[in-house]
Amino acid sequence: MAWFALLAPAGTPPEMLARWQHAARGALATTAVKTRLQSLGIEPVGDSPDELRATIERESRKWSGLTR
């Protein structure tokens, strides 16, 4: 499984992160973007920052051999 994420530098103001998340979720909700991504075999998700953080931590443990 491969996944893609939008990341920002540490210290990015929370209000800016919220604006980017809102814009990204809005784009992922459009039929045009959804259809295009799905045609490429990509399932658009649009997780929250906390959900993305959990995914990154889980995948890091998985692929570093810390969990089997």
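The residue that is modelled with the lowest pLDDT, counting only those in the range 27-48 that are under 14 Å from the mean Cα position of the chain (by Cα) and of a type in the set (D, E, K, R), is ASP47. Against the numbered list (1) in contact with a Gly (Cβ under 8 Å, 6 or more places away or on another chain); (2) at pLDDT below 90; (3) among the hydrophobic types (A, V, I, L, M, F, W, C), ALA24 comes up short only at (2). Set side by side, the residues THR31, THR55, THR12 differ, and just one is among the β-branched types (Val, Ile, Thr) and either in contact with a Pro (Cβ under 6 Å, 6 or more places away or on another chain) or exposed (fewer than 10 other Cβ atoms within 10 Å of the Cβ) (or both), which is THR31. Applying a threshold of 6 Å to beta carbon distances and a minimum spacing of six or more residues, or different chains, the list of pairs starting in the range 43-54 at a residue that is in contact (Cβ under 8 Å) with a residue 40 or more places away in the chain and ending at one that is assigned to a loop (DSSP other than H, G, I, E, B) reads LEU52/ALA5.
The values are calculated or read from the model by the stated rules, or taken from the named source; none is laboratory data. This structure is a prediction, so every number in the text was calculated from the model and none was measured. We place every Cβ from the backbone using ideal geometry, glycine too, and count neighbours over all the protein chains shown.
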